[in-house]
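Only one structure is covered here, and it is reproduced in the block below.
Please treat every number below as a calculation from the coordinates, not as lab data. What you see is a predicted model; the values in this text were computed from it and never measured. Please note: Cβ atoms are built from the backbone with ideal geometry, for glycine as well, and neighbour counts cover all protein chains shown.
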């Protein structure tokens, strides 16, 4: 049985083969096709550095149809990060490649190693902006709001209650 996943991609370090972070993200999109069928790819967007990271990021998202269950896909994504040169390091630090499962067609997955929906996706424009370019109508469990709704909450000011 096949599942659909929304995967977020990010990079802010050069790679010796793929070049700048944009090139890294584009190459990673190609590599993820080995895990199923990529049905949608967002544009790659430039985003500001966050936390301990010193360089701007290139971010994107893709929709992947895969026979992998969530733990198997997570293992494949982590293996891909290592192949691209990612090493354990400082949280929020610079990285060659970061791959995260954001959403899954099965709804909620919770284990020690993996939480779907991704715990922080609703507060991250660098995830929501590219995701909305390809899957704005995807309803995210547990609240069944669409990605477009989550993005609007971050980008549109709301009046303060009286």
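Per the Debye calculation on the range 3-155 with a single equal scatterer at every Cα and no solvent contribution, log₁₀ I(q)/I(0) for q = 0.18 Å⁻¹ amounts to -1.09. Computed extension length for residue 123-residue 143: 5.7 nm, one decimal, from 0.36 nm per residue of separation with the Cα-Cα distance subtracted. The packing ranking of peptides 98-105, 59-66, 113-120, highest mean first, is 59-66, 98-105, 113-120, where packing means the average number of other beta carbon atoms within 10 angstrom of each residue.
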